[in-house]
């Protein structure tokens with residue numbers, strides 16, 4: 001059983017046992033082995049998150065990989081960044097993480113690497129076509145071994161960060177995801193007083209959903225920071241490749257605000273550095289990078305796409321509103337929420353003042369969070385494309401690298417199709433609340449027109 005729609009732009013993802021089944025996981029393993037047959041790939045790592053279906057899918061996936069002649073290194077339950085870490089730490093040629101990331105508990109999926117690179121786009125579709133053809137590589141069955149990846153990963157981060165210059169009081173919310181057995185221990189080891197909540201992995205996510213981009217999911221963290229009088233709070237998504245942040249006053253710092261702090265820290269040491277971000281991020285980020293002598297590049301959203309753009313431009317830092325942070329400065333260039341958390345603790349500890357004060361010099365703006373509008377997968381890209389054309393024909397100044405970002409005199413508005421969910425994503429920014437309402441009204445009017453034209457509203 002396989003719904004072709006699960007093959008997304010930068011991973012494979014859908015409702016477990018509805019969009020695909022255990023046999024699909026086995027076939028995916030065989031398809032991967034077939035796809036890499038002429039690329040010198042012989043040994044790959046496999047990790048999984050804590051969802052109820054992940055272990056079963058992992059066993060089937062490993063069986064398929066071995067049937068295709070590949071030797072498998074089983075990393076067990078581990079955050080996604082540790083699978084990426086294994087590609088540098090071990091003598092392997094690729095890796096696959098089974099994870100539903102931040103999607104609901106009944107979802108699951110596969111993040112796939114060949115060499116050290118996350119595949120996306122046509123490479124993902126190539127796997128689909130191999131499965132549909134049913135023509136798989138025939139090879140002697142590969143081996144399987146197990147490796148404990150958490151200890152060397154912890155050792156590397158603790159060695160890099162040492163003891164922070166100032167002791168911080170931190171609340172860490174792992175959201176009952178894969179970060180729980182890993183992140184709190186590292187944060188405590190680098191010299192923080194750490195209060196951990198929801199550290200026990202539980203794929204049902206009984207306390208709140210592990211997605212730090214949704215305000216309601218941060219309520220427990222905010223309350224605990226206030227109760228403990230902590231310096232800051234850190235949250236992770238289900239597979240810990242994303243990070244969320246709140247200051248001592250309980251204000252959420254979104255991905256673009258975190259990027260400002262990271263960029264400032266790096267540019268102070270590496271003038272002229274290239275930093276890549278995406279279309280949902282504040283104009284303040286790009287302006288601040290330029291002001292401090294860096295080169296800011298706006299690109300498409302999506303972890304695989306950002307990593308590819310960073311490699312192309314030799315960027316030292318990348319990031320998204322979603323909390324994916326990519327450090328090629330002192331690190332390997334992949335998205336790692338745990339490493340990003342340590343970098344943020346380092347920034348705050350070095351600054352010697354509260355997190356809330358570190359962005360006080362940014363120009364004030366009024367913004368919306370990501371606004372998610374339900375939209376069928378079959379229509380979302382058509383709608384985004386048609387909206388782009390309407391704004392172009394109307395003479396607006398637009399950026400169309402990922403949906404349409406409409407530039408106004410004192411702000412901007414965005415419509416883009418999500419690559420992971422059946423939704424359109426919107427966001428707005430302006431100098432005042434009145435201008436924000438004006439710009440939002442213009443964009444939403446065009447969106448409503450397009451939806452009517454395609455029969456979606």
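We did not get these values from a lab; they are worked out from the coordinates using the rules stated. All of these numbers come straight from a predicted model, not from anything done at the bench. Reconstructed Cβ throughout: ideal geometry from the backbone, glycine too, with neighbour counts over all protein chains shown.
Take the Cβ atoms of residue 15 and residue 169, set R0 to 35 Å, and the FRET efficiency comes out at 0.30.
Each peptide in 146-153, 181-188 was scored by the mean count of other Cβ atoms within 10 Å over its residues; highest first, the order is 181-188, 146-153.
Multiplying the residue separation of residue 269 and residue 5 by 0.36 nm and removing their Cα-Cα distance gives an extension gain of 90.6 nm.
Using R₀ = 22 Å, calculate the FRET efficiency as 1/(1 + (r/R₀)^6) where r is the Cβ-Cβ separation of residue 138 and residue 59; round to 0.05. My answer for the efficiency is 0.50.
Extent of the stretch 1-121 along its three principal axes (Cα atoms, max minus min coordinate, largest first): 34, 26, 25 Å.
With the alpha-carbon atoms of the chain aligned to their principal axes, the span from lowest to highest coordinate is 65, 58, 43 Å, starting with the largest.
Ranked by the mean number of other Cβ atoms within 10 Å of their residues, highest first, the peptides 259-266, 189-196 fall in the order 259-266, 189-196.
Considering the stretch 151-253, its Cα convex hull presents a mean projected area of 6.1 nm².
Only residues of the stretch 292-321 count here: report those whose backbone N is under 18 Å from the spot 7 Å along Cα→Cβ of residue 442, or say none. Zone members listed by number: none at all.
Its DSSP H runs of at least 4 residues, each contributing -39,500 (n - 2.57), put the calculated 222 nm mean residue ellipticity of the chain at -11500 deg cm²/dmol, to the nearest 500. Relative to the 2.2 N^0.38 Å rule of thumb, the stretch 307-368 has a C-alpha radius of gyration ratio of 1.30. Compared with the rule-of-thumb size 2.2 N^0.38 Å for a compact globular protein, the stretch 366-453 has a Cα radius of gyration ratio of 1.00. One decimal place: the segment residue 156-residue 185 gains 9.1 nm when fully extended, by the rule 0.36 nm per residue minus the C-alpha distance. Placing a label point 7 Å from the Cα of residue 39 along the Cα-to-Cβ line, the residues of the stretch 283-314 whose backbone N sits under 18 Å from it are 303-312.
Gain on full extension, evaluated as 0.36 nm per residue between residue 122 and residue 373 minus their Cα-Cα distance, stands at 87.7 nm. Exposure proxy ranking for 353, 380, 407, based on other Cβ atoms within 10 angstrom of each Cβ and starting from the fewest, stands as 353, 407, 380.
With a Förster radius of 30 Å applied to the beta-carbon distance between residue 23 and residue 202, the computed FRET efficiency rounds to 0.65. Projected over all directions and averaged, the alpha-carbon convex hull of the stretch 196-268 occupies 5.3 nm².
Sorting 200-210, 303-313, 392-402 by average packing, meaning the other beta carbons within 10 Å per residue, from highest down gives 303-313, 200-210, 392-402.
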